[in-house]
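Enquirer: Here it is: the structure, laid out below.
Derivation of every value follows stated rules applied to the coordinates shown; laboratory data play no part. Computed from a predicted structure; not experimentally measured. All Cβ positions, even for glycine, are placed from backbone atoms using ideal geometry, and neighbour counts span all protein chains on display.
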Amino acid sequence: MNAWIDKPLDLGSDLKAETAAARHMAGVLKTSDPRRASAAAAYAQDLLDRTLAAHVTGPVACAKGCNLCCHTFVSATIPEIFRLAELVRADTDAIAAAARAAKAIGQDRRFTTRVSCPLLKDGLCGGYDARPLACRTMLSRSLAACTAYFPVDGAGALDYAPGARESRGRVEMILAAALMLAGLPGKHVELIQGLAVALTVDNAEARWLAGEEIFAGVESDNGDASSDLATWGPILARQVSL
Ligand code: SF4
């Protein structure tokens, strides 16, 4: 086992740990395991949790039962959606209904016209152990900032805990590189619509891994093209290939 694999990322300029993690994740994605996409997502999520634990050391305002960030556009990669789908299969009907509502609204209006994540149960996340990277990174230092930002129209700015967004960016870069190396698409899609596809299409994970475009009708995150991922994912993939 590579010395870097079970450690948090150090978020420094040396990308040795990121390169090792991307190589490991690409290896997972190239096995014959029919659930290898979910396995790669689990690795990415564990890596993010370790990295957040190492770098987000100050107090955060987030507390059990606060779900202000669970009613707007949430994006996730397809492997993350497959991992989460297995945990919430019992809620397929509610998720399909919420997906129809989300599809009718569009990303740019999801602050003003809210659709609650159908995974919320009594205010808590029903898929907590497999929640996407985006959800894991919502670590705020200010409840007041969240209260101003989320229920209104995205006004103001979130007060992210230092290290949270940097940790997510690195792990998403690693996942993007691994997917690229495995010949799989790395785009982010809207979580609820993506879950509905993963839950209602027969053999969804196997078919996606085989190249079927089963998510073609799901709204993509329109921030993908302008994000650092579009630059850094390919750079890291090239580094892994050297
Ligand atoms: S998956 Fe969980 S944490 Fe993420 S938006 Fe849904 S309820 Fe909230």
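Enquirer: How high is the FRET efficiency between I235 and N203 when r is their beta carbon distance and R₀ equals 30 Å, given to the nearest 0.05?
Expert: About 0.30, to the nearest 0.05.
Enquirer: Counting only other residues whose beta carbon sits under 10 Å from that of G186, what net charge do I get with K and R as +1, D and E as -1?
Expert: In short, -1.
Enquirer: Right, next: With +1 on the Cβ of every Lys and Arg and -1 on the Cβ of every Asp and Glu, and nothing else charged, how large is the dipole of the chain about its Cα centre, in debye rounded to the nearest 20?
Expert: 180
Enquirer: Taking θ as phi - 60°, what are the ³J(HN,Hα) couplings along the stretch 78-84 by the Karplus curve (6.51, -1.76, 1.60), each to the nearest whole Hz, with x for Gly and Pro?
Expert: 4, x, 4, 5, 4, 5, 5
Enquirer: Between A104 and N2, what is the label-to-label distance in nm when each label sits 7 Å out along the Cα-to-Cβ direction?
Expert: 4.7
Enquirer: Please give the net charge around Q239, taking every other residue with its beta carbon less than 10 angstrom from that of Q239, where Lys and Arg add +1 and Asp and Glu add -1.
Expert: For residues surrounding Q239, the net value is +2.
Enquirer: Once the piece of chain linking A157 and R89 is laid out straight, how much longer is it, given 0.36 nm per residue of separation minus the C-alpha distance between them?
Expert: Additional length available on full extension: 21.0 nm.
Enquirer: For the stretch 1-77, what is the convex hull volume of the alpha-carbon atoms per residue, in Å³?
Expert: So the per-residue hull volume is 140 Å³.
Enquirer: So, counting K/R as plus one and D/E as minus one, what does the shell of residues with Cβ under 13 Å around A176 add up to?
Expert: -2
Enquirer: Please work out how much length the chain gains when fully extended from K64 to R50, using 0.36 nm per residue of separation minus the C-alpha to C-alpha distance, in nm with one decimal.
Expert: 3.0 nm
Enquirer: Semi-axes of the equivalent ellipsoid of the stretch 121-164: what are they in whole Å, largest first, if each equals the square root of 5 times a C-alpha gyration tensor eigenvalue?
Expert: 20, 14, 9
Enquirer: Charges at C-beta only: +1 for Lys and Arg, -1 for Asp and Glu. How large is the resulting dipole of the stretch 1-114 about its Cα centre, in Debye rounded to 20?
Expert: Dipole about the Cα centre, nearest 20: 340 debye.
Enquirer: So what does log10 I(q)/I(0) come out to for the stretch 95-242 at q = 0.12, 0.16, 0.21 Å⁻¹, using the Debye formula with one equal point on every Cα and no solvent?
Expert: Here log10 of I(q) over I(0) equals -0.61, -1.10, -1.60.
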